[in-house]
Amino acid sequence: MSNMDGKPLYLRRVNPALNMRRFYMLSIQPTLFRGASLVRSWGRIGASGQAMIETFDCADQVDGAWRRLEQRKRQRGYVDG
């Protein structure tokens, strides 16, 4: 399944006992050279947070990175938000 449909993935992890309110967002953006960029944003809910962009040459590479990051975050307790 390709994530090139342009819909971002929003995840959140909230634990009031630990004063933890975090978000994580993944999205895929096309590049000018027929590649794709995986845009990641993360931080505390209510703050602007940080961002990172990784550029890939083909859709298979970006899909693999998307699935790997999503799985890692879900294992750490992030849920759809």
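The values are calculated or read from the model by the stated rules, or taken from the named source; none is laboratory data. Owing to the predicted nature of the structure, the values given are computational and were not obtained by experimental measurement. For neighbour counting, all protein chains shown are included, and Cβ atoms are generated from backbone atoms with ideal geometry for every residue, glycine included. Surface areas here come from the heavy atoms of the whole protein model, side chains and all, with no ligands, DNA or RNA. Shrake-Rupley method; radii C 1.70, N 1.55, O 1.52, S 1.80 Å.
Quick notes on this structure:
- Measuring r between the beta carbons of residue 21 and residue 51 and using R0 = 22 Å, the FRET efficiency lands at 0.75.
- Think of a 1.4 Å ball rolled over the protein heavy atoms: the chain then has 70 Å² of accessible area per residue.
- With every protein chain in place, the stretch 40-81: carbon and sulfur % of accessible area (1.4 Å): 46
- Residue list for the stretch 65-81, given a label point 7 angstrom along the Cα-to-Cβ vector of residue 12 and an amide N cut-off under 13 Å: 78-81
- Charge tally in the Cβ shell below 10 Å around residue 11, where Lys, Arg are +1 and Asp, Glu are -1, residue 11 excluded: +4
- Computed extension gain for residue 29 through residue 59, at 0.36 nm per residue and net of the alpha carbon distance, reaches 9.7 nm.
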